[in-house]
Amino acid sequence: MENTSKNTDFEFDLEKIHKANLEILKAVREICIRHNITYLIDSGTLLGAVRHRGFIPWDDDVDLCFRREEFEKFKVIANLELPGNMELVMPDDYRDGEAFYDFVPRVIYKNSRRHSEDDADMEFYEGKLNHLWVDLFIIDRLPKGKLSSRLMRLKQQIFFGMGMAHRRKLDWSKYKGLQKLEVSVLVGLGRLIPMKTIFKWQDNSAKKYTELYKTDNNVSAGKSFFSNYQPDFQYCVVDDSWEEPISFEFEGERFTGPREWDKVLKMLYGDYMKLPPVEKRQPSHSGRELEIQ
């Protein structure tokens, strides 16, 4: 299958992408085992483990998540212990914290190249996004009560909208009507605020109730959410039982995932054992841009 990028000519190799993703998974797992850190495979990676005992054949990425306190431990040691061909890149690592892509930390695989049609965008992010990567999602607490919970998620979406002001460019064709007006207002506001400040606001807001419920035994915890999964949200967690890790077979290796995997997969995919139509069994557009070197 050939890549269709305008400025490159290379053979897209999904098998090599799977091998590189598995290499990252194994490296993260080994660090977590050494330091007693809990991680979970999630989303498409969890679905692959359950349905295929490995990668979904046409999937080109990996999804991992950590509870806040577990991720805080991981980020301190990751770049000290990851192999030399990998690096943990934090959201504020682009242009000394003054550029915005999203709020997701990621482990990049340096022995890869993304042949993007927009080279200027790759250069804007100092080449850090010019690689295969694995996203790391953070699980934080929501406040109790539906209204408070919605306000928390709304605040996170507002931070994302303001952050968009610090991208190299915006594709306004994605937005119509009221949504376009809302984005315009948030971007205009974001231009008045340094990106470093927005990063700080987002981080403090995301972990506020995680820290409150950890230190105040008189306050009962609310639900949890992927606080850095914006502008949408993956899902909210009804209780903590699904987060208790159990072992899954994945490409002949063992990785940890949620005990309540059936509940998670039904929430995300409905009848998750049913394969999608043949025409939808395709790698993503961005995946087709990847070359493993």
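Available extension along the chain between K263 and R34 is 79.5 nm, counting 0.36 nm per residue and deducting the alpha carbon span.
Arranged by the count of other C-beta atoms within 10 angstrom, fewest first, what order do W58, W261 take?
Working: W58 13, W261 20.
Listing W58, W261 from fewest to most nearby Cβ atoms yields W58, W261.
When the chain is fully extended, how far beyond the present Cα-Cα distance does L80 get from I246, taking 0.36 nm per residue of separation? Could the numbers behind the result be given before it?
On the way: separation 166, 0.36 × 166 = 59.76 nm, distance 2.71 nm.
Extra length from L80 to I246 when fully extended: 57.1 nm.
Only sites in a loop by DSSP and with at most 14 other Cβ atoms within 10 Å count here; which GluC sites (Glu not before Pro) in the range 1-108 make the cut? Loop-located and lightly packed - E98. Sorted ascending by nearby beta carbons within 10 Å, beginning with the fewest, C32, C65 become C32, C65. Positive-end ranking of H131, L151, G188 along the dipole of the range 88-204, with charges on Cβ about the Cα centre, is headed by L151.
Could you put M86, M273 in order, starting from the residue whose Cβ has the fewest other Cβ atoms within 10 Å?
Details: M86 23, M273 9.
Starting with the residue having the fewest Cβ neighbours, the order is M273, M86.
Dividing the Cα radius of gyration by the Kirkwood radius, what Rg/Rh value follows for the chain? Please list the in-between numbers first.
Details: Rg = 19.3 Å, Rh = 20.3 Å.
Across the chain, the Cα-based Rg/Rh ratio is 0.95.
Computed over the Cα atoms of the range 1-104, what is the convex hull's projected area averaged over all directions, in nm²? Averaged projected hull area, Cα only: 8.6 nm².
Straight-line cross-link reach from K174 at under 16 Å between alpha-carbon atoms covers these aspartates and glutamates, not counting any fewer than eight positions away in the same chain: E182, D232. Scoring 42-53, 146-157 by mean Cβ neighbours within 10 Å over their residues and listing the highest first yields 42-53, 146-157. The length gained by stretching the chain between R150 and D232 to full extension, at 0.36 nm per residue less their Cα-Cα distance, is 28.3 nm. Listed values for the range 250-258 are Karplus-derived 3J(HN,Hα) couplings in whole Hz (6.51 cos²θ - 1.76 cosθ + 1.60, θ = phi - 60°), namely 8, 6, x, 10, 10, 9, 8, x, x, and x replaces Gly and Pro. For the range 253-293, what does the alpha-carbon gyration tensor say about shape, rounded, prolate or oblate, given a ≥ b ≥ c as the root eigenvalues, a/c under 1.5 as rounded, and a/b over b/c as prolate? Oblate, since a/c reaches 1.5 and b/c is not below a/b.
Measuring between alpha carbons in the structure, the pairs from K16/K274; K223/K266; K196/K223; K223/K280 lying more than 24 angstrom apart are K16/K274; K196/K223; K223/K280.
Coordinate-derived values only; no laboratory data. Remember, predicted model here, so these are calculated numbers, not experimental data. Here Cβ is always computed from backbone atoms with ideal geometry, including for glycine, and neighbour counts include all displayed protein chains.
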